[in-house]
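Student: The structure follows.
The values are calculated or read from the model by the stated rules, or taken from the named source; none is laboratory data. Because the structure is a prediction, the values reported are computed rather than measured. Note that we place each Cβ from the backbone using ideal geometry, even for glycine, and neighbour counts take in every protein chain shown. Just so you know, the surface numbers come from the protein's heavy atoms only, side chains and all, with ligands and any DNA or RNA stripped out. Shrake-Rupley method; radii C 1.70, N 1.55, O 1.52, S 1.80 Å.
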Amino acid sequence: MLDWQGLVVQGLNGLASASSLFLVAAGLTVIFGVSRIVNFAHGSLYMLGAFLAWTLTAHGPFAELGGFLGFWGAILSAALIVAALGALVEMTVLRRLYHAPELFQLLATFALVLIVQDVALLLWGPDDKFGPRAPLLRGATVIFGARFPLYELFLIAVGPVVLGLLWLLLHRSRFGILLRAATHDREMVAALGVDQKLLFTGVFALGAGLAGLGGALQIPREAVTLHMDMAVIVEAFVVVVIGGLGSLGGAALAALIIGELHAFGILVFPRITLVLVFLVMAVVLVLRPQGLLGRGAETAPVAAPAPPLPGSLPPALRWAAIAAVAVLVAVAPFLGDYPLILLADFAVLVLFAASLHLIMGPGGMASFGHAAYFGAGAYAAALLFKHLAAPMEVGLIAAPFAAGLVGLLFGWFCVRLSGVYAAMLTLAFAQIAWSVSFQWVEVTGGDNGILGVWPSDWARGRLVFFYLSLALSAAGVVVLRRIIHAPFGLALRAQRDSPLRAEAIGLDGFFLRWIAFAVSAALAGLAGALFAYGKGSVFPSFLGIPRSVDGLLMVLLGGVQTLTGPIVGAIAYAGLQEQLARATDYWRLVLGLVILALVLFFPRGLAGAFARRAA
Amino acid sequence: MLAVDDLQAHYGRAHILHGVSLGVAAGEVACLLGRNGAGKSTTMKAIMRLLPPTGGSVRFEGQDLAGLAPHDVARLGLGYVPEERRIFPELTVAENLEVGRRPPRPGQAPWTAERLYALFPSLGAMKKRPGGRMSGGEQQMLAIARTLMGNPRLLLLDEPSEGLAPVVVDRLAEALLGLKSEGLAILLSEQNPGFAASIADHAWLLETGHIRHHGPMAAVMADAGLRARYLSV
């Protein structure tokens with residue numbers, strides 16, 4: 001146990017990380033407040049800030065200048081360059097998307113994440129970079145008998161200073177007053193003669209600059225890596241959501257809570273450190289859905305009315321689908337192992353994307369954590385195998401039930417919220433599930449996973465296993481289609497399009513969303529179990545954020561309007577990824593550019609684009 | 001000054017305005033009269049291009065507004081005060097005025113916060129109060145004052161008297177008459193002609209998106225049959 005001096009130092013450590021976190025979260029929340037865009041690329045801007053600061057301190061005029069001015073000149077220049085990049089991104093990409101559905105804005109910022117990843121890899125290479133230490137702040141001071149680095153002390157001061165400057169900007173400058181007005185009512189601001197374009201570009205530059213500064217300030221204390229973006233964006237989202245979207249004070253408060261939670265959580269609950277943050281977020285969202293200092297219920301954005309469901313597939317499409325399956329069945333015996341493995345994977349991903357579509361399309365909710373149910377199914381199968389030596393048949397039957405139960409549990413909380421908050425809660429639960437699989441080593445094997453989860457003998461051949469995957473995936477898609485067209489599916493769409501009217505005719509929106517969530521989870525679980533048997537093993541990465549993001553991208557790429565969307569999207573995304581990864585080391589860059597092009601030119605997704613061409 | 005010709009507007013597929021034509025000359029107050037749902041607010045939004053019209057034309061001081069963004073329309077000198085007032089609730093009175101501030105126009109004495117506090121003394125007494133904590137009447141005054149900060153040449157006032165106590169309505173009428181006497185042109189919309197009668201020079205009667213009648217305000221007030229047909233509920 002630590003003495004009280006140790007606790008003070010630990011508390012100071014917490015403050016230092018809270019400060020850095022606040023810089024990133026402040027930018028994110030200011031951007032959201034004005035533009036209503038949830039900027040997934042915010043972590044990428046942070047990473048760019050760090051890399052640029054590293055370069056500027058090592059090369060060029062600031063490096064030659066050296067010393068105090070050289071170092072701080074480099075840090076501030078890095079922040080300014082990132083601010084300029086933020087403005088550029090707003091002007092070239094996001095400006096075209098303000099009237100697009102919320103999810104397309106997300107997709108565009110996802111694409112930016114992919115692009116920045118590879119651009120950073122191209123420019124700086126895969127190795128970690130270590131920056132210089134800050135002049136005059138190299139040493140340590142003694143606080144209550146314990147040594148504490150001066151630089152950390154400096155960081156502690158940066159947070160409140162930036163908060164104060166932001167407050168002054170927002171309350172004492174015309175730009176700030178316009179920003180606050182636009183946060184509440186953009187249209188009225190325009191009607192008063194204010195050009196919103198300048199405002200939006202300005203706010204993106206401001207937010208990006210803060211992220212860049214946050215990243216640049218890290219170089220004396222930690223290595224600059226290509227993983228910084230994802231790590232920080234998840235934390236920043238947690239902070240912004242706990243504090244209340246759009247609330248600067250909320251972001252500061254939440255950054256403080258999360259920073260200290262990290263510092264002390266490791267002392268008090270060493271076993272569940274990874275979960276702790278997400279547990280707190282889940283509790284806050286359940287008790288106070290708009291966040292600690294958030295402003296009550298958001299007025300739901302007016303969604304464009306979805307077109308009516310086509311009663312049945314257009315004959316051409318139906319025959320195309322049947323023909324595609326028939327061709328696959330007929331051609332499979334002539335394929336080698338590798339294509340068969342690939343095709344089995346595709347079948348699994350199609351089922352995964354189609355299951356996610358049920359809640360995103362007809363359900364009208366976004367899930368950022370669908371991998372949780374994919375992983376729940378996989379782990380259910382693997383644990384049954386490991387502890388009870390259960391064969392594949394049992395695993396495949398049990399997996400959807402296990403994942404469905406997890407879906408019932410998590411869904412009960414998630415479907416009460418809407419929009420970004422609901423999406424964030426699904427992310428929180430997915431991270432909790434991931435942490436359990438990662439940290440509960442005795443049961444799950446932790447990072448080593450569970451190995452030897454092979455199919456039963458009859459299904460062990462690649463060909464038979466592909467047929468099995470195809471059959472189960474097709475069956476799952478047919479079930480989903482029937483659900484969407486059944487009265488249940490219609491009721492689900494009704495509560496999405498007009499919650500009040502649906503309520504008025506006696507539909508229980510909560511119950512409908514809850515059941516849809518569980519069904520979707522169950523089918524994702526089936527996909528997960530199939531995937532586990534296909535790979536012969538299960539790892540925590542099955543529940544990781546990247547897998548959830550993959551699912552989201554597949555659904556969005558294909559389009560959420562029809563069930564054809566996620567199927568086309570899954571095949572296109574997985575196929576593209578596979579082809580690109582084989583053709584180039586920079587597949588993320590190409591994929592990101594393709595997604596960006598699709599978002600800008602086909603705002604209804606791939607399937608929507610084809611449908612329009614057909615019509 | 002303002003010439004609206006055959007204006008058409010849709011909300012989604014619903015056809016709201018079926019060829020509205022009207023005009024306001026410099027220095028005069030015109031009134032758009034009609035029942036709830038007649039298309040008064042839609043006409044104003046279509047003029048401001050907050051709801052881009054689907055047909056017809058709007059000309060302001062000879063310039064066609066087609067293709068302009070709302071902020072461009074505002075900058076030309078059209079000041080819009082929406083029916084819901086749309087005060088920024090977390091901004092103070094002074095900050096709300098700041099949002100509306102635009103550069104002065106040549107040949108026109110610029111509005112300043114001080115001049116507006118003189119016109120609406122109750123606002124001057126609550127410069128630091130957040131807009132969300134004001135009464136309906138005070139919010140209406142603030143909404144007008146905020147728009148005046150842009151030094152408009154023509155004011156579009158959407159149902160300013162709605163939901164206000166009679167004594168507040170009287171004060172509002174007084175302020176608007178003051179503005180009129182300074183030469184500001186106003187297009188006003190009302191369901192109830194009583195308030196407009198004291199201010200407006202002439203009126204258009206609007207029903208289900210069609211202009212049904214146009215005449216001097218006094219004549220409209222004198223014609224009980226006309227009012228019964230297009231205004232009474």
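Student: Give the aspartates and glutamates whose C-alpha is closer than 14 Å to that of residue B:40, dropping any in the same chain fewer than 8 places away, or say none.
Tutor: B:83, B:84, B:158, B:159, B:162, B:190, B:207
Student: Could you work out the relative contact order of chain A, using alpha carbon pairs under 8 angstrom and six or more residues apart, expressed as a whole percent?
Tutor: The value is 19 percent.
Student: Once phi is turned into θ = phi - 60°, what whole-Hz ³J(HN,Hα) does the Karplus curve with 6.51, -1.76 and 1.60 give for every residue of the stretch B:23-32, x standing for Gly and Pro?
Tutor: Karplus-based 3J(HN,Hα) across the stretch B:23-32 equals x, 10, 8, 4, x, 9, 10, 10, 10, 9 Hz.
Student: So who's got an amide H within less than 5 Å of the one on residue B:155, skipping anything under 5 residues away but keeping other chains? H placed 1.01 Å off N, in plane.
Tutor: When sequence neighbours closer than 5 places are left aside, the close amide H contacts are B:79, B:185, B:186, B:187.
Student: Right, here's the next one. At what distance in nm do the modelled label points of residue A:412 and residue A:59 sit from each other, each positioned 7 Å from its Cα along Cα→Cβ?
Tutor: 5.7 nm
Student: When the accessible area of the stretch A:4-287 is computed with all protein chains present and a 1.4 Å probe, what percentage of it is carbon and sulfur?
Tutor: Accessible surface attributable to carbon and sulfur in the stretch A:4-287 totals 72 percent.
Student: Could you state the angle between the C-alpha long axis of helix A:587-601 and the longest principal axis of the C-alpha atoms of chain A, as a value from 0 to 90 degrees rounded to the nearest 10?
Tutor: Roughly 80 degrees, rounded to the nearest 10.
Student: Could you tell me what percent of the DSSP beta bridges with both partners in chain B are antiparallel, to the nearest 5?
Tutor: 55 percent
Student: Using the alpha carbons of chain B, what is the convex hull volume per residue in cubic angstrom, as a whole number?
Tutor: For chain B, the hull spanned by Cα atoms encloses 120 Å³ per residue.
Student: Summarise the long-distance tail of P(r) for chain A by giving the % of C-alpha pairs beyond 34 Å.
Tutor: 44 percent
Student: Right, next: Mind listing the phi-derived Karplus ³J(HN,Hα) values for the stretch A:263-268, rounded to whole Hz, using 6.51, -1.76 and 1.60 with θ = phi - 60°, and x for any glycine or proline?
Tutor: 5, 8, x, 5, 7, 8
Student: Holding the Cα-Cα limit at 32 Å, pick out from A:129/A:386; B:45/B:127; B:128/B:180; A:197/B:180 the pairs that are longer than that.
Tutor: Over 32 Å apart, Cα to Cα: A:129/A:386; A:197/B:180.
Student: Quick check for you: with a 1.4 Å probe and neighbouring chains kept, what is the accessible area per residue of the stretch A:4-287, in Å²?
Tutor: Normalised by residue count, the accessible surface of the stretch A:4-287 is 37 Å².
Student: Using a 1.4 angstrom probe on the protein heavy atoms only, line up B:182, B:95 by accessible area, largest first.
Tutor: From most accessible down to least: B:182, B:95.
Student: Please report, in debye to the nearest 20, how large the charge dipole of the stretch A:4-287 is about its Cα centre when each Lys and Arg carries +1 at its beta carbon and each Asp and Glu carries -1 there.
Tutor: About 400 debye.
Student: Another one. Would you mind working out the magnitude of the charge dipole of chain A relative to its Cα centre, with +1 at each Lys and Arg C-beta and -1 at each Asp and Glu C-beta, to the nearest 20 Debye?
Tutor: Computed about the Cα centre, the dipole is about 1060 debye.
Student: With the calculation restricted to Cα positions, what are the radius of gyration and Dmax of the stretch A:384-463 in angstrom?
Tutor: Taking only Cα atoms of the stretch A:384-463, I get Rg and Dmax of 16.1, 46 Å.
Student: Gain in length, residue A:388 to residue A:458, computed as 0.36 nm per residue apart minus the alpha-carbon separation, to one decimal in nm?
Tutor: Length gained, residue A:388 through residue A:458: 23.2 nm.
Student: Let me ask you something else. What number does the stretch A:111-205 give for Rg over Rh if you use C-alpha atoms and the Kirkwood radius?
Tutor: The Rg/Rh ratio comes out at 1.17.
Student: Between residue B:59 and residue A:316, what FRET efficiency follows from the Cβ-Cβ distance if R0 is 60 Å, with the result rounded to 0.05?
Tutor: For residue B:59 and residue A:316, the calculated efficiency is 0.75.
Student: Using r as the Cβ-Cβ distance of residue A:338 and residue A:286, and R0 as 30 Å, what FRET efficiency do you calculate, to the nearest 0.05?
Tutor: Once rounded, the FRET efficiency stands at 0.05.
Student: Let me ask something else. Binning every alpha carbon pair distance of the stretch A:168-301 at 5 Å from zero, what are the percents per bin?
Tutor: The percentages, shortest bin first, are 2, 9, 14, 18, 19, 16, 11, 7, 4, 1, 0, 0.
Student: Rounded to the nearest 0.05, what FRET efficiency is calculated for residue A:221 and residue A:405 with R0 set to 45 Å and r the Cβ-Cβ distance?
Tutor: 0.55
Student: Taking θ = phi - 60°, what integer Hz values does the Karplus form 6.51 cos²θ - 1.76 cosθ + 1.60 yield along the stretch A:160-170, in sequence order, with x for Gly and Pro?
Tutor: So the J values, rounded to whole Hz, are x, 5, 5, 4, x, 5, 5, 4, 4, 4, 6.
Student: What distance in nm separates the two pseudo spin-label positions at residue A:504 and residue A:478, each 7 Å out from Cα along the beta-carbon direction?
Tutor: 4.0 nm
Student: Which longest run of chain A has no exposed loop site in it, a site being trypsin sites (Lys or Arg not before Pro) in a DSSP loop with at most 14 other beta carbons within 10 Å, and the site itself not part of the run?
Tutor: A:139-459
Student: Quick one: which residues, 5+ away or cross-chain, put their amide H under 5 Å from the amide H of residue A:369? H built at 1.01 Å from N.
Tutor: A:427
Student: Hey, could you grab the Kirkwood Rh for the stretch A:341-544? Inverse mean 1/r over distinct alpha carbon pairs, Å, one decimal.
Tutor: So the Kirkwood estimate lands at 17.0 Å.
Student: What is the spin-label model distance, in nm, from residue A:147 to residue A:583 if the labels are put 7 Å beyond Cα along the C-beta direction?
Tutor: The two pseudo-label positions are separated by 5.4 nm.
Student: If you fit an axis through the alpha-carbon atoms of helix A:337-360 and take the longest principal axis of the Cα set of chain A, what angle between them do you get, 0 to 90°, nearest 10?
Tutor: For A:337-360 against chain A, the angle is about 70 degrees.
Student: Quick one: length gained pulling residue B:6 to residue B:214 fully straight, 0.36 nm per residue minus the C-alpha distance?
Tutor: The span from residue B:6 to residue B:214 would gain 73.4 nm if fully extended.
Student: If you fit an axis through the alpha-carbon atoms of helix A:273-287 and take the longest principal axis of the Cα set of chain A, what angle between them do you get, 0 to 90°, nearest 10?
Tutor: 80 degrees
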